[in-house]
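Right, one structure below, let's go through it.
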Amino acid sequence: MSYLKTVTKSATYALIALTSLCAAVAQAKEWSTVTIATEAAYEPWNMTLPGGGIGGFEPDLMKDLCTRIKLQCNLQAQDWDGMIAGLQVRKFDMLMDAIVITPEREKVIAFSIPYASTQGVLVAVDKGLIGGAGPSGQIAKLTGDAAHDKPTIDALRTLVKGKSIGIQSGTAYTQFIEDNFKDIATIREYKKSGEHVMDLLAGRIDFAFDDVTFFSSILDKPEYQAIAMVGPKIGGSIWGPGEALAFRQSDPDLKAKFDDALRAALADGTVKTLSQKWFKTDITP
């Protein structure tokens, strides 16, 4: 017989009361210090500096937010593929790593209001591939509706057919590439974005797909001059509301503090100023 079926009514009420009390205690936690995981390898969002510090758009924004909230915030480098699991086991308290809000992720973690909204794009070094697609100037806004998105997807499929595409694993972009191109192209996944760039330069893959802001930050450097964006920049609601902070669902009070700070930073232009500093464009949502 199921244990649940043998619990008395009074015991059930006691269990409910205890659960409510525990939830209230958890929500009443006084936060003075938080540990934030970031990849520290996704320039210019976040990157490891000479000497071991962590800098970039997100660390600058986090410093501003924590000052507003009056919290001591400690950034901790963590590979992307272990972030959500580490958050759940309380290795750290929140995540800040250009994390796109998706329905799948919302089932297991909570998100702040978005602080950025960007596009993805293909890059290549092969002059024939670059010339065949033309320079990336236009933004194609995809919705996730097959009929609406078909012309753009079909053009990209023609471009990548029989080729190889490098993509960082576990991102919103990963699913997009796999869903639309794995039947006609070879998909290679990497732990870090810098790794697919190295393979692209070495000729081991034909294309890499990642965030426009990531590629924009490296294309001015001499060692990456051979790389060029090709085809349209892919934006729109297909990527969801935008990039946001991530929290455990059991910490709504911490999320609320950062939501308030983000609203203030968006309203007074701080997020716009930092995005212009790091991306040379306004990526506010």
Hey, what did the chain get for relative contact order, percent, Cα under 8 Å, at least 6 apart? 28
Helix 252-267 versus the longest principal axis of the chain: what angle, 0 to 90°, nearest 10, using Cα atoms? 50
Along the principal axes of its C-alpha atoms, what lengths does the chain span, in descending order and rounded to whole Å? 74, 50, 33
Indicate the gyration tensor shape class of the stretch 143-223 (rounded, prolate or oblate), computed on the Cα atoms with a ≥ b ≥ c the square roots of the eigenvalues: a/c under 1.5 is rounded; otherwise a/b larger than b/c is prolate and the rest oblate. prolate
Bin width 5 Å, alpha-carbon pairs only: give the P(r) of the stretch 90-241 as whole percents, running from 0 to the bin holding the largest distance. 2, 9, 19, 23, 21, 14, 8, 4, 1, 0
Rounded to 10°, Cα long-axis angle of helix 172-181 versus longest principal axis of the chain: 50
Round to the nearest 10 and give me the degree value, 0 to 90, for the angle of helix 193-202's Cα axis relative to the longest principal axis of the chain. 20
222 nm [θ] for the chain, helices only, -39500 (n - 2.57) per DSSP H run of 4+, per residue, to 500? -12500 deg cm²/dmol
For D145 and Q88, calculate 0.36 nm times their separation in residues minus their Cα-Cα distance, and state this gained length in nm to one decimal. 17.3 nm
If amide hydrogens are placed 1.01 Å from N in the peptide plane, which non-local residues have theirs closer than 5 Å to the one on I187? I165
Round to a whole angstrom and tell me the spacing of the C-alpha centers of the stretch 251-271 and the stretch 53-129. 15
Run through the DSSP bridge list for the chain and note the antiparallel percent, rounded to the nearest 5. 50
Restricting to DSSP loop positions (anything but H, G, I, E, B) with no more than 14 other Cβ atoms inside 10 Å of their own Cβ, which trypsin sites (Lys or Arg not before Pro) remain in the stretch 149-220? K161, K182, R204
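None of the figures in this text is laboratory data; all of them are computed from the coordinates on show. The structure presented is a predicted model; accordingly, all values stated were derived computationally and were not measured. All Cβ positions, even for glycine, are placed from backbone atoms using ideal geometry, and neighbour counts span all protein chains on display.
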